[in-house]
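Asks: The structure is given below, and queries will be raised subsequently.
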Amino acid sequence: MITLLFDVFRGNANLFAQEDVVITFRYYQANAAKSERVHFPGEFNNWGPNSAGSISSGSVSQGDYNSAQGYWYKTVTLKTGTSYAYKIYIQKSANPTDWSWHFDPLHAVTSSRLGNENSEMTVSNLNIFQFGVFPNQATAESSQAVKVSSQTPTIAFGLFYPASKSLSEFEITLNGTAITNPKQYRNTSTGIFEYKIATALPPGSHTLNVRAKIDSETQTKSYTFIVPDKFEILTPNFSTQKEKFKIGGKVYVSSISNVIVKVGSITTTTPVTNGSFIQEVSLSPGANVVEVTADAVTQTVTITKEIEDKPKAKTKALSVNQGVITLTADGSERATSYVWQNVAGFDLGLNGKTGQTVTVTAPSKSGDYPFMMIAESTSGKKDTVRNYFTIERDGSVKLPEMWENPNWVKEARIYSLFAKSATNATTNIFASLLNKGSQMGGLEHIKRMGYNVIWLLPVMKVQGNNIDNGIGIGYNIIDFYNLADNYGTAKDFKAFIDEAHRLELKVILDVTPNHTGRNHPWSKHTREVGEASPYWTWYQRDATLAANNTNGLGYSKDSYGFVYFSGFSDALMNFEWSDIDARKAMIDVYSYWLKKYDLDGFRFDVYWGPHRRYGRAHFDIPLREELKRIKGDIYLLGETEGTGVGTEVAYAGNLSSGMRGGLDAAYDWNLKNQVQKSWSSIATTSGINSLHNALHNSNYYPSSSSYYLRFLENQDEERITYRYQPTESWQVSYPFNRSTVAMAALMMAPGNPMIYAGQEVGFGYPSAALRPEEPDLNVRRRGTIDWNHIGKNYMIQDYQKLTHIRKQFPALWTQKMTRIDDGNSLIYAYLRPYEDQNILAIMNFSNEKKSISLNVSSSTLFSSTVGDNIYLNELMNGGLSLAGCPSSPSPDPVATLDDGTYFVGSAAFGSKGTNASRMSDLVLTGKRPGMVSGLAWLKVGKLMVVQYSNNAISASYPMTVETIELTPGYGTTKPKCLIGSSSATATDSISIPKAGMYHVVFDLTDKKTIVTEIVYFSILGSATDAGWDDNSATGTNRFALTGTGSQDGATFEASNIKMGSGEYKFRWNGMWAIYNNPGGSGMTATDTSKIPGLQGHFVTNIGGSITAATFGDGTKAAGNEFNNMKWDQANAATPKGIYKWTLKYSKSTTTNYGLTISFTKTGDVAKYDGTQYNFAIVGSATPNKQWGETNDSYDFARTFASPVYTWTLNSIELTAGAEDAFKIRANNRWSVDEKEPNIPASSVGFGGWPGAASYSIDGTAKDNVEGPDNFKLKAGTGGKYKIVMKFNSDTDAATVEFTKLP
């Protein structure tokens, strides 16, 4: 039983009748390159055993050396039917740290079964193992041809089988000729077959075939190898930018001591040393044919000195004069014509413009504006580039330089996504992520959480082809141009990027400028042919470069002279950026991904490596210049220290010694070192002081365009909830609350904040992986995320609020930060000043409620243009208690709000003095705008600020403002309490219920305006084709403003609205207009108890109790708690069809505005086509007990006879237990939750099809077991049922009939 369980764990098929097989593992290494010792660690000897990767001398895995044949070997006894993972361990010298682990070069099979990629052997009754021909120039996989170094090579392989078996047949042929009695060449004690070919083989390809048989089991192997001529040029045809180039090769005839190398008219005699030759030649522009001659044999190779004939396009926003921006292509090289283009979504009027210089009109809306230009040379070759300019919030135009960055970088809120961990899919991972949509881990989830930048961990093909959840997370790259196999296709990846861009998410890709994988073709070729390889100079060989500055990893050299960081192992070979060809090749890689997938930048792994080794001239500057030339509005983030003395040279914004760095952002490792401590170390006076010192960084920034990447955790660090785990079992919420407090301190501070996928749900603690070290560490930081982790209940809403606050307030995009003394050692508070929009962040690091006094009396703390009065709007928690004031109302959770909108604060504000009554509501326009109580300083779009003085409209004050996204403030009362003023001598106390964000505002009573333009309306609901979920400002059911509007009113129209039976309602600025108003027929300017944001603007209750003359058929949905309107297509006045709706907003009195709504039918709706639909029944009452539609769902068969469409499920067993329920899904969606665009509105009901009244079941009873409006059979009615669904496309009548079967 023990053996059985052990083998089940290993995933083997043959669990019985296992026998012992003696296997000899080999590793070939000539005496000249012989290591100190070699081990064969694997599952069969407890991986060495090893300690932190190092294996001691004399361990059970240590091999012996066969000096005659030049290989290390180890014999072990293994079981048939079992798979064993293993590797080769090489102790290169007596230095205890000079070791490395390798895949088996003689056995190409690898597996990630144990989490990491290993060589793997599956033992059978007959094993032909580690096939090869020796000596050879390179060890290759057995399916590939390999070049040997002798005309009389030795064939060698292992042939192993149980002692109880005998070899009944054994045949070997070489080029079709059998080797006589091959059994005699097999060593019976080791199982190794060795046969040296006696007669010299001619140059060319040769094939070995092996056939062996034991009992009924037969194995065959075929192996092809190549015997070269007397000598061979090993340097391949190559293109280079170099003036001189090395040619090399191998000589196989001992009589040849020199070769003649000729390039053009220059001839050189080159000596042969140890069977090899190397000669550097001078190149002329274009193709250079290099001839090598020896012993009457001549071979050639072509080395092309590259001639620049392709245009190199360069663009720049050159100048601005009276609102006209000049764009230029001056500086472009080898270009004779220029064509300018708009970027999709940004119409600058460029399409069709030509010439080296063009002009555009400066847009009125702030933001980054990209444009494109195509340069063409006389030869017809083209180069396409993209650049940008920025319209600032004050309307000024920013003409960016190469070292600057777009505004979206300043506002970056980064979500680091390890694709492999975000889904449980094992193949087509990007397709799986794309299909997640709004589910946790999907792109819409990231957007909804408030992030605007996704940092994708590496996606390129790695050693073993698949990215895993262990150490193989993507940095050991062997193919820079293709995706890892399990990540899917290039089409999948492009679709993922395109969808991210549709959601206005930027995507930066993680790449590896420091190294390539050891088995990348460049590195492999160098190992195969040595200095004759053009890639020989592409890898670091000088171990003295920055040798004392390796981040503690240390330098090592392998037997080929490659330098690598010891802590990374020789699986990652350091790249040589000082080589001009290498540098161009790596930049070409990034250019390819930038252009092909329209990426928005890169995160450079181990940026500090080449940055320190080669400096700004060879690395930082050429990398940035080329990538920014191609696409100017990108973000370059580097893994290098970004804070501390001397680190400023990494930033492009910093000019020192006449040079700039390459990065927009670098790592704040000082902060990481503080937050990754235990909570007991952080939540102290000294701990909070250290945290502040890290965040404040002595108020130093290399430039206004230089940003510190700030985070609590990432793919290389421990999960923060594990760090902050509690000491007592009852402290369940502690790690999640602690993480939120720490994240608040980070999110409100200067820099670019980042979270790592899964952090928002507290993934990492609690965890079944308890040990702090690997592999448990990798389970927590890189394992598949449980998106329903317990921490979700404590963290996700707070994380979402923090990110949206960061998104909204420009005070948080600056580099200004001032600590506020609170007199309490466990309260951390600081101010982020901004004109009239100051942010006050207060974090409570204790485990209890604190009452504190903050000195906010100094006029130097806050930035204000008007007034002395200070107003406080609590953004995070609600329930703010002010001295002498009622508490502000608590906000609803952000997660319940519509996508793109969010809560910004409860209405706790007020003032003392004569202007106290003038503070009122602010209404904003923008992408998905809304309203917030008491914050008259917000500046957005074309804005309406309504200020009242004794209920009378005051004078107007025009503003030009920017896009922002808000939702209403909540609550019906507005506490009026002074918090402080610049002339105050003392402050009031603020009781802090828990860690929170608080916003300071100022009295803006000087700024009075009236409504000049209303924001957007939309009509939604089951009666419309948009359903209930199309909330976007650009949705198909949005009303458009006709004309410009005025202070007296405006008219809005929506055409082509499809109406049918069902309910509907109007939305205003992304809000349900009936929200918080269950009834009522109208309101006045002084009525503040009804619809938030509409008081003072409308006298009509949209979607509530409206008269028949105004809305549709004049009926309200009976008993509907939301007071929806009802459309009856059977009513002659409101038939099914296409309608034009008109909303007219007009001033009725000095203080009131009215709204009237009318509609006109403009067309008919096409008949429904039932062929578009598939149906399935799912639920706990079905046999598979599943609610999600899978391959095991119970699908309906379709028959069509227009206009009646029929779907039939002939038999299904339904149970009637207390917890059993079911629902019918249409096209794999819940129509009640996600409106399927093609379902006719009149037939939408629970379960996807159709209304409840149309169902017929024996003893039907609706229930709420798994969700709203599921079906449940009454007790005793379970059994087999036939289900028939019919739909009449002429009448929209639908029925579903259940027939009990015997």
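The values are calculated or read from the model by the stated rules, or taken from the named source; none is laboratory data. From a predicted model like this one, the values you see are computed outputs, not experimental measurements. Reconstructed Cβ throughout: ideal geometry from the backbone, glycine too, with neighbour counts over all protein chains shown. Surface areas here come from the heavy atoms of the whole protein model, side chains and all, with no ligands, DNA or RNA. Shrake-Rupley method; radii C 1.70, N 1.55, O 1.52, S 1.80 Å.
Asks: Could you work out how far apart the two model spin labels at Tyr185 and Met402 are, taking each label as a point 7 Å from the Cα in the direction of the beta carbon, and quote it in nm?
Replies: The modelled label-to-label distance comes out at 6.2 nm.
Asks: Would you mind pulling out the separation of the Cα centroids of region 477-525 and region 387-436, in Å?
Replies: If we compute the Cα centre of each part, the gap is 16 Å.
Asks: Could you pull out every residue, at least 5 positions away or on a different chain, whose amide H is within less than 5 Å of the one on Thr359? Hs are placed 1.01 Å off N in the peptide plane, and Pro or chain starts have none.
Replies: Under 5 Å from the amide H of Thr359: Leu327.
Asks: Still on this structure, please answer the following. Just to confirm a number: summing +1 for Lys and Arg and -1 for Asp and Glu over residues other than Val462 whose beta-carbon lies under 15 angstrom from that of Val462, what do you get?
Replies: On the way: positive: Lys420, Lys461, Arg518, Lys524, Arg782; negative: Glu117, Asp468, Asp479, Asp485, Asp510, Asp605.
Net charge in that neighbourhood comes out at -1.
Asks: Pick out, from Ala296, Ala335, Phe277, the residue whose Cα sits farthest towards the positive end of the charge dipole of region 277-340, with +1 on the Cβ of Lys and Arg and -1 on the Cβ of Asp and Glu.
Replies: After comparing all options, I get Ala335.
Asks: Let me ask something additional. If you count the DSSP beta bridges with both ends in region 516-661, what percent of them are antiparallel, to the nearest 5?
Replies: Details: 8 of 12 bridges.
Antiparallel: roughly 65 percent of the beta bridges in region 516-661.
Asks: Another question, then. Enumerate the lysines that Lys213 could reach by cross-link, defined here as Cα to Cα under 21 Å, with residues fewer than 8 away along the same chain left out.
Replies: Once the sequence-local lysines are set aside, what remains near Lys213 is Lys79, Lys165, Lys183, Lys221.
Asks: Give me the 1.4 Å probe accessible area per residue for region 333-431, excluding ligands and nucleic acids, in Å². Please list the in-between numbers first.
Replies: Numbers: 4110 Å² over 99 residues.
On a per-residue basis, region 333-431 sits at 41 Å².
Asks: Can you give me the Kirkwood hydrodynamic radius for region 229-312, using every pair of distinct Cα atoms, in Å to one decimal? Can you show the working numbers first?
Replies: Values: mean 1/r = 0.0753 Å⁻¹.
For region 229-312, the Kirkwood estimate is 13.3 Å.
Asks: Treat each spin label as a single point 7 Å out from the Cα along the C-beta direction, and report the Gln219 to Gln341 distance in nm.
Replies: 5.6
Asks: A further question on this structure: Estimate the FRET efficiency between Glu1053 and Ser1211 by the formula 1/(1 + (r/R0)^6), using the beta-carbon distance for r and 51 Å for R0, to the nearest 0.05. Write down the numbers at each step before the final one.
Replies: Values: r = 53 Å, r/R0 = 1.04.
The pair Glu1053/Ser1211 has a calculated efficiency of 0.45.
Asks: In debye to the nearest 20, how big a dipole does region 305-446 give about its Cα centre with +1 on each Lys and Arg Cβ and -1 on each Asp and Glu Cβ?
Replies: Working: 17 positive and 15 negative charges, 55 e Å.
With Lys and Arg at +1 and Asp and Glu at -1, about 260 debye.
Asks: Modelled label-to-label distance, Asn424 and Val289, 7 Å Cα→beta-carbon offset: nm?
Replies: Rounded to a tenth, the inter-label distance reads 6.4 nm.
Asks: Under 24 Å Cα-Cα from Lys316, which lysines qualify once same-chain neighbours fewer than 8 residues away are excluded?
Replies: Within reach: Lys353, Lys365, Lys381, Lys382, Lys398, Lys410, Lys506, Lys584, Lys595, Lys596, Lys628, Lys631.
Asks: Got a number for carbon plus sulfur as a percent of region 74-195's accessible area, 1.4 Å probe? Don't skip to the answer; put the middle values down first.
Replies: Values: 2270 of 4810 Å².
About 47 percent, which is the carbon plus sulfur part of the accessible surface.
Asks: Considering all alpha-carbon pairs of region 551-602, what whole percent are spaced by more than 16 angstrom?
Replies: Details: 763 of 1326 pairs.
Tail fraction, whole percent: 58.
Asks: Give the residue from Phe736, Thr721, Ile755 lying farthest towards the positive end of the charge dipole for region 713-785; charges sit on Cβ (+1 for Lys and Arg, -1 for Asp and Glu) and the dipole is referred to the Cα centre.
Replies: Sorting the options by dipole projection puts first Phe736.
Asks: What do you get for chymotrypsin sites (Phe, Trp or Tyr not before Pro) in region 34-129 restricted to DSSP loop and a cutoff of at most 11 other Cβ within 10 Å of the site's Cβ? Mind dumping the intermediate values first?
Replies: Working: sites: Phe44, Trp47, Tyr65, Tyr71, Trp72, Tyr73, Tyr84, Tyr86, Tyr89, Trp99, Trp101, Phe103, Phe129; in loops: Trp47, Phe103.
For chymotrypsin sites (Phe, Trp or Tyr not before Pro) across region 34-129 that sit outside H, G, I, E and B with at most 11 neighbouring Cβ atoms in 10 Å, the list is empty.
Asks: Can you bin every Cα-Cα distance in region 403-562 into 10 Å intervals starting at zero and give me the percent of pairs per bin, rounded to whole numbers?
Replies: Bin by bin from 0 Å, the calculated values are 10, 31, 29, 20, 10, 0.
Asks: Tell me which chymotrypsin sites (Phe, Trp or Tyr not before Pro) from region 730-759 have a DSSP coil assignment and no more than 11 other beta carbons within 10 Å of their own.
Replies: Values: sites: Trp730, Phe736, Tyr756; in loops: Trp730.
Filter output for region 730-759: Trp730.
Asks: Quick check of the Kirkwood formula: for region 698-822, what is the inverse mean of 1/r over all pairs of different Cα atoms, in Å? Walk me through the intermediate numbers first.
Replies: Working: mean 1/r = 0.0638 Å⁻¹.
Over region 698-822, the inverse of the mean reciprocal pair distance is 15.7 Å.
Asks: In whole Hz, what ³J(HN,Hα) sequence does region 50-59 give by Karplus (6.51, -1.76, 1.60; θ = phi - 60°), x for Gly and Pro?
Replies: Each residue's phi maps through the Karplus curve to give 10, 10, 6, x, 9, 10, 6, 5, x, 5 Hz.
Asks: For an R0 of 30 angstrom, estimate the FRET efficiency from the Cβ-Cβ distance between Glu308 and Thr267 and round to the nearest 0.05.
Replies: Details: r = 30 Å, r/R0 = 0.99.
My answer for the efficiency is 0.50.
Asks: Based on the Kirkwood radius over alpha-carbon pairs, what value in µm²/s does the Stokes-Einstein equation return for the translational diffusion coefficient of region 551-659 at 37 °C and 0.692 mPa s? Display every interim value, and only then the final one.
Replies: Values: Rh = 15.2 Å.
It diffuses with D of about 216 µm²/s by this estimate.
Asks: Here's a follow-up. Using the crude model of +1 on Lys and Arg Cβ and -1 on Asp and Glu Cβ, and no other charge, please compute the dipole size for region 428-511 relative to its Cα centre, in debye to 20. Please list the in-between numbers first.
Replies: Working: 8 positive and 9 negative charges, 46 e Å.
For this selection, approximately 220 debye.
Asks: State to the nearest 20 debye the size of the charge dipole of region 26-106 about its Cα centre, where the only charges are +1 on K and R beta carbons and -1 on D and E beta carbons.
Replies: On the way: 7 positive and 5 negative charges, 20 e Å.
Its charge dipole is roughly 100 debye.
Asks: For an R0 of 45 angstrom, estimate the FRET efficiency from the Cβ-Cβ distance between Thr384 and Ser681 and round to the nearest 0.05. Provide the component values of the computation, followed by the final result.
Replies: Working: r = 53 Å, r/R0 = 1.17.
Taking R0 as 45 Å, the efficiency between Thr384 and Ser681 is 0.30.
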